[in-house]
Amino acid sequence: MPLIMLSSPHAHGGDSIRMIMLTVILALLPAAGVSVYLFGWMAVLLIVTCMLSALVTEALCLKWMGRPVSTLLDNSAALTGLFLALTLPAATPWWMAVLGSVFAIVLGKQLYGGLGYNIFNPALSARVILLISFPLNMTTWIIPMSAHMGAMEPALNLYDFSTCATLFFGGPAALQLGFDAISMASPLGYIKTEATLGVPVADALNAYHYSYLDAFLGFEAGSIGETSALALLIGGIFLLARHSITWHIPFTYIVTVLVLAGLFNALNPDQFAPPLFHFFAGGLILCAFFMATDPVSSPVTPMGQVVFGIGCGVITWSIRTWGGYPEGAMFAVLLMNCAVPLIDHYFRPRVYGHQRRSES
Amino acid sequence: MTEIALILLSSVLVNNFVLTKFLGICPFLGTSSKVETAVGMSFAVMFVMTVASTVSWLVQQYVLIPLELEYLQTIFFILIIAALVQFIEMMIHKTSPVLYQGLGIFLPLITTNCAVLGVAILNVQQEQTFLTSALYGFGAAVGFALVLILFAGLRERIEVAPVPTLFKGSPLALITAGMMSLAFMGFSGLVKF
Amino acid sequence: MTGLLYALASLGAFALVAGIVLAIAQKVFHIEGDPMVDKLDALLPQTQCGQCGYPGCKPYATAVACGEADVNHCVPGGERTMLQIADLMGVEPKDLEAEPVAPMLAFVREDECIGCTLCIKACPVDAIIGAPKQYHTVIADHCTGCTLCVEPCPVDCIDMLMKPELIEHWSWPLPDTKRAQLGHERREQHAGHG
Amino acid sequence: MPAMVRKLAQRLGMLQHSFVGGVHPNMHKLTADMVIEDVELAPMFVLPMKQHIGEICSPMVNVGDKVLRGQKIARSEGYLSVPVHAPTSGRVVKIEEHAIPHPSGMGLPSIFIESDGDDLSDQSIAPISDWINTDPTLLRERARMCGLAGLGGAVFPTFIKLVQDKRFPIETVVLNGIECEPYLTNDHRLMCEQSDAILEGMAIIRHMVGAASGIIAIEDNKPDAAQKMQQALDARDDMDGVSVVVLPTRYPQGSEKQLIYTLTGREVPAGKLPMHIGVLCQNVGTTKALRDAVVLGKPLTERIVTVSGDALPNPANLRVRIGTPVRTLFARQGLDDFSDIQIVHGGPMMGERLKHPDFPVVKSSTGLLVMSRPAMGAAHKVEQPCIRCGHCSEACPISLVPNLLADQCRSDQFEKAAQYDLFDCIECGACSYVCPSNIPLVHYFRYGKGQLALQRREQAFAEASRKRSEARDARIARENAEKAARRSQVRQTHAPKVETPKVDVPKTDADKAVGETAESKSVESKE
């Protein structure tokens, strides 16, 4: 007589982790495509390096911990690698990319027990570690191939493989170039610098030749995957349509930033950037649709997700406006990740038949 | 008004005692295994820190400086803190024996919580006024409480995860604290203080 | 010299003030007995079996509360009670001293009973009834399975039986996560548990 | 549609109320068009002594007794209980433990009846054709003595719900014809084939509880049943205020609480019954059985069972005598080899998977499913770690957070799980169904509930033991004191030198002293 207990239900909808991860990877393809268009072989090299090293690290970790290496097939490590690559500047040297991937998998994920147990978004924690360890590299933005702005012309032909390979494996020194020669400021960084000099926002944007259309399409400086609002929105809507994520986090996150920016911009347009600028700038859309919605490190309850999104929005805008770093989206998500267990506890939905949320 | 807000913001987030000044790590790790305990500890520390920073400011201004006894600063401050801790210990023992039991040795050890002495001495060094030193003490305590409770929430979650044996307990807690500290670095420069 | 005098005087005065405040606080926050004892006692299974080395559950609770006894002496409580006590006391859990035993029930073979009442005197929870020179019997619903009645019986007519398993009290075991739930079933048939 | 928007629309009256969450499993209604077949009498019937929620019955026949169909063979003990009746005429051959459809594989005392083939009925229960002029309490007693229990699968004694309570007047009778479980079609077929009898049953219920309105709820995947019920409804003249409501198919719509919310927009408060908000919910099968009990005087001895599943050669809807061994049913439908199949009692979402086919049909047997190993295997894959995707929370019809609950159950934090409303879980299985990590969430909840129940039982037992122990200590101390007082009295008169006895006797002394007090104690105990 068989003795293993199987509880109902004896039917299953057929969803799997692998498919969920694959959906997110698919949703990131438009952004990855734009990054290749803008940064040529640099983007390809970066994405391949990050994904490969993430997979290899994950495989080694699983082997050392005596867990089935077949877990690799759940696509989560590949996704982490892709996430990390898309948040890196195009000029990131190979060893930093590898280091970042190792950090993401080891510190961000496996030390906590592997998939499903990490507290912080692995890719973002690696990104922040890199930012704090190598601030220069992580804030140097190569001029993209299609920056339709001002006098900025790409200093390098990024569609040429050998140039890119040299830069990727040897750094700018191998091309007898300094960082300054091939890079430009990101809109956020530029505004921040000018703001400290007391230049009004509108003037700074003019001086930068800022164009909302370019920002929407992605023809501007920034991390390889974060520039194109269009591509990211397509991916985000795909995720929403496939029910991989719910609207709560992205919507509340972005709306919070827009509302705060709008309010302060109305109060003092010289000091505070307009909401649309915040919307397109930096990693907001990438973080809102892909990073903050990472299911493992975000709250599970709808109310919790709303709180999480609002928190992310407030912190992102505050850091961008007042903080020392030009971009706060990554920090915002990481900071809110810390609060997830408490949010989960305090923002549970009201259970059927109960007057209000049960006493905690 | 703005100044008050800035002092609080600065001491709670930007210059968080635990995550950016690395003070009070011992109770931060010792009493964060459960959220309930962490909340209790937070209130105890908040009481001790706020009162200690005000009383020590008074003592500094009206006893030590007039009598030119600044060199006795540490002894006096420790005396104040020790007395306060004794007081709160009795209070908790009376009101919540379970919390008393849960905090265990860490309750009397608030005395040696360097964050408490730290805030008192920093107040003196930064030549704060009475009001600002009270605020600073309170803000620092709130910052301590905030990260302690957040951290306790995280640890409760880590507790049930299949963490590699090598990293179970304190190692992973320290790594997590490090990650929190990294995240809190995002606030740097938020308030120039 | 005066500096030292000032220092000593002020320090002394300050210590005195603090001392007085604390003395008053001591009066205000005075507590009778140890409130932990009742909380611990509530966790114990109340078999009064004495297997912990103390005469009953309350004495053991008292000993644990004041730190005399370890948290792992309660045999019938098993691992769960130990964990609960450790949790309440805020100490690290310890391994159990004795192997956990299945819940038992005392049973008097009535035809052999000589009606000596010794078992009745031994039962800590009054779960055995009977009068001198009459058969005694165990009230199954009251018996804690402590085995204290077995020793005194002069004719050894008391058996410890397994507590019968009731279908109403059956509960689901923890799912076994390490297996393909159906594929490995046959292989594990012999090793499974109900 | 996002839950929040839907809720808002419902508040504004723009949308019909609908319970939250739910899933859309593949329905596999293989037997939807198959007419109910009568099953031949089995040679032997097995009647377990408990086929309802509540207290167990005790046999009132002896081995060798002759019984008739419908004769009461076991009486109910206690309030929450209904009797058991003989399914056919024959002889009681033995009374012993036999396996029942229960996941544990454990058994219950059962009465074995050997059929004599004549199938003679017991005529002692008189039909009540004029029920409209009969006192509801009499009809209620009829429901109890005829052994009626909810035939939707929960088997809650029916008579308990059929009550007129002035504090909670029933306004609406809901006839539950939802049948949201995949595979099952017994209610569906019953509605198609015996709509008149069902409606008469509903009329009886309305008379019994005095309800003004009534709703017959049917899902939109059974349009023929809805049509039949509507026709039958139109044909009756005593059904004012009753309507057929067709609801969009969604699991678990047939769950009482979810259905009531969908139909009325009101929630049954936690720990309360539908009657507390003026609603009575009855399954169509039970309603028909009630009608038979009242109008025909027939106790509950048969029910409709859907025998189906992907590994069964000939699925069917069968009218089966309760107590029929399921082996004979499977054999009738062309299945003899049980070596590589899985048996599920009930529907696939909430039914129990059973380890062997040696059990009888009982009152709760809505369906008997024979699943192939691959089909079951697909539903029970290896558990992966939770990625907190939140699909379980979205699917939960009562807004629990299943993944957190499962974590708590797994790590034995049962009290915390109870705080997170574990006991409100209806075990519908929607969470496990959608889980991409194949986590058996319901299994964890059942484990947690069981452990928590065990803990609470043990706590109650410990508390009772402590009271007894304290009472014993106090009594011993008192008796010692009395004895000492007596002794000192005696000594005062006879011998002058005395020590004052201690009243507060420590336990060790008490143990020594206990011998002297045994006599008085044994007398006390007997009282």
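For segment C:46-62, which residues satisfy the criterion of being part of a loop (DSSP other than H, G, I, E, B), facing chain D (nearest Cβ under 8 Å), crowded, with 24+ Cβ neighbours inside 10 Å and not β-branched (Val, Ile, Thr)?
Matches in segment C:46-62: C:Gln46, C:Gln48.
Any idea which of C:Ala127, C:Ala131 is surrounded by 15 or more Cβ atoms within 10 Å (Cβ to Cβ), more than 28 Å from C:Cys57 (Cβ to Cβ) and without any contact (Cβ under 8 Å) to a residue 60 or more places away in the chain?
C:Ala131
Could you please find all residues in segment D:328-345 being within 12 Å of chain A (Cβ to nearest Cβ), in contact (Cβ under 8 Å) with a residue 12 or more places away in the chain and assigned to a loop (DSSP other than H, G, I, E, B)?
D:Phe338, D:Asp340 - these are the residues of segment D:328-345 that are within 12 Å of chain A (Cβ to nearest Cβ), in contact (Cβ under 8 Å) with a residue 12 or more places away in the chain and assigned to a loop (DSSP other than H, G, I, E, B).
Restricting attention to segment B:108-122, does a residue exist that is over 19 Å from the mean Cα position of the chain (by Cα) and either surrounded by fewer than 18 Cβ atoms within 10 Å (Cβ to Cβ) or without any contact (Cβ under 8 Å) to a residue 40 or more places away in the chain (or both)? Full working, then the answer.
Just the residues of segment B:108-122 that are over 19 Å from the mean Cα position of the chain (by Cα), to begin with: none.
No.
The conditions are (1) over 22 Å from B:Leu103 (Cα atoms); (2) within 11 Å of chain C (Cβ to nearest Cβ); (3) in a helix (DSSP H, G or I), and B:Thr74 fails exactly one of them. Which is it?
The one condition B:Thr74 does not meet is (2).
Considering only residues that are at the interface with another protein chain (Cβ under 9 Å from one of its Cβ atoms) and under 24 Å from D:Tyr251 (Cβ atoms), which ones fall in segment D:403-424?
Correct list: D:Asn403, D:Leu404, D:Cys409, D:Tyr420, D:Asp421, D:Asp424.
What residue, of D:Cys396, D:Cys392, is within 10 Å of chain A (Cβ to nearest Cβ), in contact with a Gly (Cβ under 7 Å, 6 or more places away or on another chain) and more than 22 Å from D:Ile304 (Cβ to Cβ)?
D:Cys396
Only one of B:Leu166, B:Leu148, B:Leu174, B:Leu154 is over 19 Å from the mean Cα position of the chain (by Cα) and within 30 Å of A:Ser297 (Cβ to Cβ); which?
B:Leu166
Results for (1) more than 9 Å from chain D (Cβ to nearest Cβ); (2) of a type in the set (Gly, Ala, Ser); (3) part of a loop (DSSP other than H, G, I, E, B); (4) under 30 Å from D:Glu352 (Cα atoms), shown as yes or no for each residue.
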position: C:Ile120; (1), (2), (3), (4): no, no, no, no
position: C:Ala131; (1), (2), (3), (4): no, yes, yes, no
position: C:Gln134; (1), (2), (3), (4): no, no, yes, no
position: C:Cys149; (1), (2), (3), (4): yes, no, yes, no
position: C:Pro152; (1), (2), (3), (4): yes, no, yes, no
position: C:Asp159; (1), (2), (3), (4): yes, no, no, no
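Just to be sure I understand, how many residues within segment D:376-402 are over 27 Å from the mean Cα position of the chain (by Cα) and of a type in the set (Gly, Ala, Ser)? Before you say what the answer is, go through the steps one by one.
Step one: filter segment D:376-402 for residues over 27 Å from the mean Cα position of the chain (by Cα), giving D:377-378, D:381-391.
This time we only want the ones that are of a type in the set (Gly, Ala, Ser), so: D:377-378, D:390.
The total comes to 3.
Any residue that is of a type in the set (Val, Ile, Thr) and either within 7 Å of chain C (Cβ to nearest Cβ) or in a loop (DSSP other than H, G, I, E, B) (or both) - is there at least one of those in segment D:425-441?
Yes, because at least one residue in segment D:425-441 is of a type in the set (Val, Ile, Thr) and either within 7 Å of chain C (Cβ to nearest Cβ) or in a loop (DSSP other than H, G, I, E, B) (or both).
Could you tell me which residue of segment C:104-117 is farthest from C:Pro164 (Cα to Cα), considering only residues that are at the interface with another protein chain (Cβ under 10 Å from one of its Cβ atoms) and crowded, with 17+ Cβ neighbours inside 10 Å?
Filtering segment C:104-117 for residues that are at the interface with another protein chain (Cβ under 10 Å from one of its Cβ atoms) and crowded, with 17+ Cβ neighbours inside 10 Å, the one farthest from C:Pro164 (Cα to Cα) comes out as C:Cys116.
Can you name the residue in segment B:59-82 that is within 18 Å of C:Leu22 (Cα to Cα) and buried (at least 21 other Cβ atoms within 10 Å of the Cβ) and is also nearest to the chain's Cα centre (by Cα) among such residues? Reasoning before the result, please.
Step one: list which residues in segment B:59-82 are within 18 Å of C:Leu22 (Cα to Cα), which gives B:76-82.
Okay, now just the ones that are also buried (at least 21 other Cβ atoms within 10 Å of the Cβ), so B:76-77, B:80-81.
Numbers: B:Phe76: 19, B:Phe77: 15, B:Ile80: 16, B:Ile81: 12 Å.
My answer is B:Ile81.
Could you grab the pairs with beta carbons closer than 7 Å, sequence gap of 6+ or different chains, first residue in segment A:242-271 and on the phi > 0 side of the Ramachandran plot, second one in a helix (DSSP H, G or I) and at pLDDT 95 or above?
Nothing qualifies.
Name the residue that is farthest from the other protein chains (Cβ to nearest Cβ), counting only residues in segment D:257-305 that are touching a residue at least 40 places away in the same chain (Cβ under 8 Å) and among the basic types (Lys, Arg).
Ranking the qualifying residues of segment D:257-305, first place goes to D:Arg291.
How many residues does segment D:337-390 hold that are touching a Phe, Trp or Tyr at 6+ places or on another chain (Cβ under 6 Å) and surrounded by fewer than 24 Cβ atoms within 10 Å (Cβ to Cβ)?
Residues that pass the stated criteria total 1.
Looking at segment D:346-396 only, could you name the residues that are in a loop (DSSP other than H, G, I, E, B), in contact with an Asp or Glu (Cβ under 8 Å, 6 or more places away or on another chain) and closer than 30 Å to D:Pro157 by Cβ?
Answer for segment D:346-396, where residues must be in a loop (DSSP other than H, G, I, E, B), in contact with an Asp or Glu (Cβ under 8 Å, 6 or more places away or on another chain) and closer than 30 Å to D:Pro157 by Cβ: D:Gly346, D:Gly347, D:Pro348, D:Met349, D:Met350, D:Gly351, D:Thr366.
Name the residue that is surrounded by the most Cβ atoms within 10 Å (Cβ to Cβ), counting only residues in segment A:307-347 that are facing another protein chain (nearest Cβ under 9 Å) and assigned to a loop (DSSP other than H, G, I, E, B).
A:Gly328
Which of (1) more than 14 Å from every other protein chain (Cβ to nearest Cβ); (2) under 23 Å from D:Pro325 (Cβ atoms); (3) not in a strand (DSSP E or B) is the odd one out, the single condition D:Ile113 does not satisfy?
(3)
Determine whether C:Tyr6 is part of a helix (DSSP H, G or I) and in contact with a Cys (Cβ under 8 Å, 6 or more places away or on another chain).
Details: part of a helix (DSSP H, G or I): yes; in contact with a Cys (Cβ under 8 Å, 6 or more places away or on another chain): no.
Considered against the rule, which asks whether it is part of a helix (DSSP H, G or I) and in contact with a Cys (Cβ under 8 Å, 6 or more places away or on another chain), C:Tyr6 comes out as no.
Can you tell me which residues in segment D:251-267 are in a loop (DSSP other than H, G, I, E, B), surrounded by fewer than 23 Cβ atoms within 10 Å (Cβ to Cβ) and out of contact with any Phe, Trp or Tyr (no Cβ under 8 Å at 6 or more places or on another chain)?
D:Gly265, D:Arg266
Quick check: anything in segment D:372-382 at the interface with chain A (Cβ under 10 Å from one of its Cβ atoms) and among the basic types (Lys, Arg)?
yes
Whether any residue in segment D:426-449 is under 30 Å from D:Met27 (Cα atoms), touching a residue at least 60 places away in the same chain (Cβ under 8 Å) and either surrounded by fewer than 22 Cβ atoms within 10 Å (Cβ to Cβ) or of a type in the set (Lys, Arg) (or both) is what I want to check.
yes
Would you mind stating whether A:His278 is within 14 Å of chain B (Cβ to nearest Cβ) and either modelled with pLDDT of 95 or more or not in a loop (DSSP other than H, G, I, E, B) (or both)?
no
Quick check on segment A:1-40: of everything there that is in a loop (DSSP other than H, G, I, E, B) and away from chain C (no Cβ under 14 Å), which residue is nearest to the chain's Cα centre (by Cα)?
A:Ser16
The values are calculated or read from the model by the stated rules, or taken from the named source; none is laboratory data. Since this is a predicted model, take the numbers as computed values, not measurements. Every residue, glycine among them, receives a Cβ derived from its backbone with ideal geometry; neighbour counts consider all protein chains shown.
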